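Readers should treat all values here as calculations from the given coordinates under stated rules, not as data from a laboratory. Keep in mind that this is a model prediction, so the values were computed, not measured. Glycine gets a Cβ as well: all are built from the backbone with ideal geometry, and neighbour counts include every protein chain shown.
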Amino acid sequence: MFFYWPAAEALFQSVFIQDPFGASREFVGLENFRELFGDPLYLDSFRITAVFSVAVTAIGLALSLALAYFADRAIRGALLFRTLLIVPYAVAPAIAGVLWMFLFNPTLGIVAHWLGAMGVAWNHVLDGTQAMILVVVAAVWKQISYNFVFFLAGLQSIPKSLIEAAAIDGAGAWRTFRSVIFPLLSPTTFFLLVINVVYAFIETFAIIDAATGGGPAKATEVLVYKVYNDGFKGLDIGSSAAQSVVLIVILLVLTFVQFRYVERRVRY
Amino acid sequence: MLGRTPFMTFLTYAVLIAGVALVALPVWVTFVASTQTLDQVLATPMSLLPGDRLLANYAEVLSAGAGNTTAPVARMLFNSLVMALAIALGKIAISLLSAFALVYFRFRLRQTAFWLVFVTLMLPVEVRIMPTYQVMADLGLIDTYAGLTLPLIASATATFLFRQFFMTVPDELAEAAKIDGAGPMRFFWHVLLPLSSTSIAALFVIQFVYGWNQYLWPLLVTTQESMYPVVIGIKRMIAGGDAATEWPLVMATAMLAMLPPVAVVVLAQKWFIKGLVESDK
């Protein structure tokens, strides 16, 4: 009930224009949608979301795969490293946003200071690109643990005999990784790929709100953020509901793709 | 074995230490900032060694709050705890029962019911905030614990997990229970529940963290400071701009807000990993 009622309301509202006080509404059909896709700000938000998701997914996956690969090796202290690496999972996204915002704070942040010493003038409050980097860093940091746990589980399920066989055939560590381990990990990687894109689409709201608030000048206003901003701050309920519907459709497509491929994913 | 060369060992440690440093840096800086005075934090660059205000700062936020918020952090921590526990326990209870119904009872539209539940998997609260908010406002649940937790309890992840698990329970067990004269609820309590205890523990860890860290929904549904969960409280404390922000106090609050979920995850690491890997696959 708490699910279908809202979803139905979203569809319902997306075809009306409502005044901010809810006193009157007018049926407009698909007008809200047409307006939405003609709105350069909305299309811009699409572009921002795309850049953001690709960056978060690519960097996050690469980093955590590297960490998982090395943490899987039998070394002393491996358990300690693993424990430390899963900590960010437990940190609230909003807090992660605050922490990184503090580190990169132009006047008192320590990382901003280091960057300044290296000759980079850091001010994410003014510079849209830098604000984007900030939210990507925070989002990746938050997601590393999740990817790490899955990659580690994937690595541990690879039979040791295969790796030994590769060693006997004279393959070095890099060659083994590229030709044996990586292909065997592909189901995990694909699964994480979808999960990370969804994560970047939806769950980074709190990080962005805490770190940049969608600014400066909407440089980090991703789609989810816009739903919230237009609906609750701008009180343009019809448009916000239409955006919800668009997001829901995107998510359904992503999930559908995931299930199609999970069913006939690479088996070994 | 492969890669037992000194170079590989060195590389392993180098990468892991770099990774841990990257992961730990924000947390460490937060901890340091939470133990200093405001002047020490504002000095550039701030020192990376803890100051001596550890107890004073923590005591102050716990009892009096900081910055623009007047609600004490102890109250916010309590709100978070209620929310996290209610979401974790509520979700587990509801999904155990609905999974039980889906697997063991034949009723009309069973397949339809399954798909209705299943589709909700794909739509987290964030994409349906606006309409959900309207529903809750219509029901008069703004600023109540029920309003905070109900929409978050209603999701299918856990139902799906338990359904998968119940399907692996052999039918013989159900038949044996029936022959011994046990009704369906008795079978549920005395056979299924004990069998699924590890899954429940794993799910509890995941859901506790999930509930504790909720942001968007509490942001909308709470309007009084005394109902804020701690995560929202932090955001409110720094809303006033750089100059007015009492960073040491904010950072002390951040540490307090991180502590419970991190403790849960680290202490229950085995269940956590199990829960994570199973509930999403």
What average count of beta carbons from other chains do you get within 10 Å of the Cβ of residues in A:106-115? 4
Around B:L249, under 12 Å between beta carbons, what's the net of Lys plus Arg minus Asp minus Glu among the other residues? -1
Here, B:T198 and B:L259, labelled 7 Å along Cα→Cβ, have an inter-label distance in nm of 3.2 nm
Listed highest first by mean packing, meaning other Cβ atoms within 10 Å per residue, what order do B:13-20, A:101-108 come in? A:101-108, B:13-20
Counting other Cβ atoms within 10 Å, which trypsin sites (Lys or Arg not before Pro) in the range A:49-140 have at most 12 and lie in a DSSP loop? A:R76
Peptide A:78-89 - average C-beta neighbours from other chains (10 Å radius): 6
Shielding of B:265-272 by partners, i.e. mean partner chain Cβ atoms within 10 Å per residue? 3
